[in-house]
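Derivation of every value follows stated rules applied to the coordinates shown; laboratory data play no part. These figures come from a predicted structure and were not determined experimentally. Using ideal geometry, Cβ is built from the backbone for each residue, glycine included, and neighbour counts are taken over all protein chains shown.
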Number of protein chains: 2
Amino acid sequence: MYIHIFVTMRIEDEIKQEKFSSEYTKLLINLVYTGNRISFKTNEILKEKNLTLQQYNVLRILRGQHPNPATVNMIIDRMLDKMSNASRIVDKLELKKLAQRTMNKEDKRCADVHITSKGLDLLLELDEKVKVNERSVIHLTLKEVKTLNDLLDKLRG
Amino acid sequence: MYIHIFVTMRIEDEIKQEKFSSEYTKLLINLVYTGNRISFKTNEILKEKNLTLQQYNVLRILRGQHPNPATVNMIIDRMLDKMSNASRIVDKLELKKLAQRTMNKEDKRCADVHITSKGLDLLLELDEKVKVNERSVIHLTLKEVKTLNDLLDKLRG
DNA sequence: ACATAATATATGTATATACATATATTTGTA
DNA sequence: TACAAATATATGTATATACATATATTATGT
């Protein structure tokens, strides 16, 4: 017999704030806090492979295009954090031989960016760990997850 | 007559990813993306006053204690991003005369941190703008906001 | 009381990030 | 065609962040 006990900790308790001025205020803080928490846990996994979250995300974007190349502009467009410097993240990936730039024949301004086979292997190693992490981080039923996804999509308007 | 049209953009469209491997994967990305988006918009407001999001949050923690002091440790405990360096954020606030350190009599290891009247004034100026921003960023009804808060609390487990 | 562990904070350092600006190329237009 | 505007990317620089380590003080066990 298994007994699962889930203790739900309200955001008020997590950050020791007795009361928020409104549910909206609370939501902003709840979202940022939960987002940070998740990023932190994912980072723990990536650290073992010497990858940052940003580098990992770019690598996944590159895999999404593979065997076609992406451009830096396409990467910026698809990144979660639009402000970060895609060009320098690609620099880092190139340095680690996980990605490679080639010149775009049609438009010489563009740099084509490919994922290397070393990059593909690394992602493959991470896929399973990341999936296990997802489940352990999210203490919700599938139905709740769907509701949450819909609400977040609506939130952004 | 006012006509409000809200166009809901799914996370798939926002970051141009056709399909996620599961609703759980989608949720992780949705959360981090939405959190970043909100942080970004809040930052836009704070930039006018030359504050970073972290500095603002620490300042609010200090106000929450006022007229009592906080300690650096208490700040770390209540911060959204546990990894950041509270000590150096307090340095920055002190440099701007928004906060002040004094020595704790009982425990000489602790630094008591107070918010200054300049700090209180600055927060007061920001309160209204931040509240307006909250409402404009969150395109949800109060009931939906409550559901979302509960789900996020449950998610973290 | 003394040594050791634990705690609170600060600092050093490498890397990452935000933002402004530079460079190269392509596009639009008079 | 020539020239300004737009686009794609890269780079310079100040600041922020993550992580390890140092320092000072207090708590704890013998």
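Treat the count of other C-beta atoms within 10 Å as a stand-in for reagent exposure and order A:155, A:120 from fewest to most.
Numbers: A:155 21, A:120 15.
Ranking A:155, A:120 by Cβ neighbours within 10 Å, fewest first, gives A:120, A:155.
Which order do A:156, B:88 fall in if you start with the one that has the fewest other Cβ atoms within 10 Å? Working shown, then result.
Details: A:156 19, B:88 10.
Fewest-to-most ranking of A:156, B:88: B:88, A:156.
Would you kindly work out, in nm and rounded to one decimal, the distances from the label point of residue B:150 to those of the same position in each other copy, ordered shortest first, with label points 7 Å along Cα-to-Cβ?
1.5
Treating the beta-carbon of each Lys and Arg as +1 and of each Asp and Glu as -1, no other charges, what is the dipole magnitude of the protein assembly as shown about its Cα centre, to the nearest 20 debye?
On the way: 56 positive and 44 negative charges, 104 e Å.
Using only the charged Cβ atoms, the result is roughly 500 debye.
Identify all lysines with a Cα-Cα distance to residue B:154 below 22 Å; exclude those on the same chain that are fewer than 8 residues away in sequence.
Within the straight-line cut-off, residue B:154 pairs with A:16, A:19, A:26, A:41, A:131, A:143, A:146, A:154, B:26, B:82, B:143, B:146.
Given A:59, A:17, A:102, which one lies farthest toward the positive end of the charge dipole of chain A, if we put +1 on the Cβ of every Lys and Arg and -1 on the Cβ of every Asp and Glu?
A:102
Order by neighbour count: B:115, B:76, fewest other Cβ atoms within 10 Å first, most last.
On the way: B:115 25, B:76 18.
Result, fewest neighbours first: B:76, B:115.
What does the average come to when, for each residue of peptide A:8-18, you count the partner chain Cβ atoms lying within 10 Å of its Cβ? Show your work: numbers first, answer last.
Values: counts 6, 4, 6, 5, 1, 1, 5, 7, 5, 4, 1.
The per-residue average across the peptide is 4.
Work out the length of the dipole vector of chain B about its Cα centre, built from +1 on the beta-carbon of each Lys and Arg and -1 on the beta-carbon of each Asp and Glu, and round it to the nearest 20 debye.
Values: 28 positive and 22 negative charges, 65 e Å.
So the magnitude is around 320 debye.
Report, to one decimal in Å, the Kirkwood hydrodynamic radius for the range A:11-152 based on all distinct Cα pairs.
Values: mean 1/r = 0.0578 Å⁻¹.
Final number for the Kirkwood radius of the range A:11-152 is 17.3 Å.
Report, in order of residue number, the helices in chain A meeting two criteria: a C-alpha extent of 20 Å or more along the helix axis, and a mean Kyte-Doolittle hydropathy of at least -1.0; treat each whole DSSP H run as one helix. Let's see the in-between values first.
Numbers: long enough: A:23-48 (38 Å, -0.28); A:117-137 (29 Å, -0.36); A:142-156 (22 Å, -0.51).
The qualifying helices are A:23-48, A:117-137, A:142-156.
Please check: in the Gaussian network model of chain B (C-alpha springs, under 10 Å), which one of B:56, B:24, B:33 has the largest mean-square fluctuation.
Largest GNM mean-square fluctuation: B:24.
With no solvent and one equal point scatterer placed on each C-alpha of the protein assembly as shown, evaluate the Debye formula and give log10 I(q)/I(0) for q = 0.07 Å⁻¹, two decimals.
-0.33
Within 10 Å of each candidate Cβ there may be at most 14 other Cβ atoms; applying that plus a DSSP loop requirement, which GluC sites (Glu not before Pro) in the range A:102-155 survive? Could you put the intermediate results ahead of the total?
Numbers: sites: A:106, A:125, A:128, A:134, A:144; in loops: A:106.
Of the GluC sites (Glu not before Pro), the ones in loops of the range A:102-155 whose Cβ has at most 14 other Cβ atoms within 10 Å are A:106.
Relative contact order, percent, of chain A when contacts are C-alpha pairs under 8 Å separated by at least 6 residues?
19 percent
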